[in-house]
Number of protein chains: 2
Amino acid sequence: MNFSRRISIEQVEEGMQLAPKFDSDGLIPCITSSAETGEVLMLGYMNAEALKKTILTGQAHYWSRSREVLWHKGADSGLVQHVVEMRIDDDQDAIWLRVSVAGLGASCHVGYKSCFFRRVVLGSQNNHDSSQIDNMLQFVEERKTFDPKQLYGDVPNPTKL
Amino acid sequence: MNFSRRISIEQVEEGMQLAPKFDSDGLIPCITSSAETGEVLMLGYMNAEALKKTILTGQAHYWSRSREVLWHKGADSGLVQHVVEMRIDDDQDAIWLRVSVAGLGASCHVGYKSCFFRRVVLGSQNNHDSSQIDNMLQFVEERKTFDPKQLYGDVPNPTKL
């Protein structure tokens, strides 16, 4: 399969050709949400190969920016993401996947279902008081779905400071 | 209000301090979904000022990459996004906003409710047949919510090829 060339704004915004825009690193961001709950699970990145493999196999593939490899999500952990629906946005520079997660049903390497397991406290209560700066986040998920040490063993943590 | 410095992986991933990571352009991607329907509406980008203003005002602010200005979404069109919940992901390099959209309830400059108004056809039917390449996308929203020409007038289209 091939992507279409980006020819005009009308084609990209209002047409039916898939003409994705990859950034200067060759990547397109991908929002992945649960098809069952609607919850956003993660924001990943795809290169052209990952996008093609996702379309052709119906399983989410990403480009791992930390490991710099094509990443078939769940190939090692069993937490495969089966794509229920793929959408693309108006200017075709972002993907949205609605997925059903296999196995334990979690998508976050820390052990939670969603990578977005914390909320940010909103409003004017966020002032310069140091005790409040230390409590800007609240946990939404009460407990982890899996123990990352058990599932991933000695695989390096992908988070970079 | 201030953000915390990123000191350790444990602090960033498991702590309650807000320590967002901005990319080399000073931006953090922001997924915005409808608090009512769960549908993803757009993927935007925030700089530090936009993130702070969103937290303090409870209304979504972004950095417009096309216009290179702070962007109070809906300030001109009336389509203000009221933040119901803000979340941040494990390594704090992505934001998720759940919003209630004012006015006509749309968020896409093309006139649709969601920027993700087209789905990508999945599977092996995507081959090299040119008629199929021309029909890789299907419309999910049947009609526009507003006429962009009426709402925005002569404002330049933000989409770049």
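Read the figures in this text as sums done on the coordinates, not as results from a lab. Small disclaimer: the values here were computed from a predicted structure and weren't measured. Neighbour counts run over all protein chains shown; Cβ positions are idealised from the backbone, glycine included.
Computed quantities for the displayed model
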read-out	value
Volume per residue of the C-alpha convex hull in segment A:60-157, rounded to whole Å³	171
Nearest 10 degrees, 0 to 90: helix B:48-57 Cα axis against chain B principal axis	90
Cβ neighbours within 10 Å from other chains - mean over B:30-40	4
Relative exposure of A:Glu85, B:Glu142, judged by other C-beta atoms within 10 Å (fewest first)	B:Glu142, A:Glu85
Axis-nearest residue in chain B [Cβ, rotation onto A], distance in whole Å	B:Gly38, 2
Calculated label separations, A:Asp23, copies of the chain, 7 Å along the beta-carbon direction, nm	0.0
Note, ³J(HN,Hα) from phi for segment B:11-16, Karplus 6.51, -1.76, 1.60, rounded to Hz, x at Gly and Pro	4, 5, 7, 10, x, 10
Sequence of A:Asp89, A:Asp134 once ranked by neighbouring C-beta atoms within 10 Å, starting from the fewest	A:Asp134, A:Asp89
Charge dipole magnitude, Cβ of K and R +1, D and E -1 - segment B:1-87, Cα centre, debye nearest 20	260
Residues of segment A:1-40 with amide N under 17 Å of a point placed 7 Å along Cα→Cβ from B:Gln138	A:15-18
Averaged over A:89-101, number of beta-carbon atoms from partner chains that fall within 10 Å	6
Check: the protein assembly as shown dipole with +1 on Lys, Arg Cβ and -1 on Asp, Glu Cβ, in debye	20
Neighbourhood net charge (11 Å Cβ-Cβ; Lys/Arg +1, Asp/Glu -1) for B:Leu79	+1
Distance in nm between pseudo-label sites at B:Asp154 and A:Arg5 (7 Å out along the Cβ direction from Cα)	3.3
Space enclosed by the convex hull of the alpha-carbon atoms of segment A:1-46, per residue, Å³	118
Gyration tensor verdict on the protein assembly as shown (Cα atoms; rounded if a/c is under 1.5, prolate if a/b is larger than b/c, oblate otherwise)	oblate
Among B:Gln92, B:Thr159, B:Val12 - extreme Cα towards positive end, dipole of chain B, charges at beta-carbon	B:Thr159
Charge tally in the Cβ shell below 12 Å around A:Met42, where Lys, Arg are +1 and Asp, Glu are -1, A:Met42 excluded	-2
Protection proxy ranking, peptides B:8-14, A:29-35, average beta carbon neighbours within 10 Å, highest first	A:29-35, B:8-14
Sorted by Cβ neighbour density within 10 Å, fewest at the top, the residues A:Lys21, B:Lys73, A:Lys160	A:Lys160, A:Lys21, B:Lys73
Debye, to nearest 20: dipole size of chain B, +1 on Lys, Arg Cβ, -1 on Asp, Glu Cβ	460
Inter-site label distance for B:Asp25 and A:Asp147 at 7 Å from Cα along Cβ, in nm	4.3
Across A:Lys149/B:Lys53; A:Lys21/A:Lys160; B:Lys52/B:Lys144; A:Lys21/A:Lys73, pairs whose alpha-carbon gap is larger than 30 Å	A:Lys149/B:Lys53; B:Lys52/B:Lys144
Choice from B:Gln17, B:Gln92, B:Gln81 with maximal GNM fluctuation in chain B (Cα, 10 Å cutoff)	B:Gln17
Dipole axis of chain B (+1 Lys, Arg; -1 Asp, Glu on Cβ), positive-most option in B:Leu56, B:Gly111, B:Gln150	B:Gln150
Net charge, A:Ala106 excluded, C-beta distance under 15 Å - Lys, Arg +1, Asp, Glu -1	-4
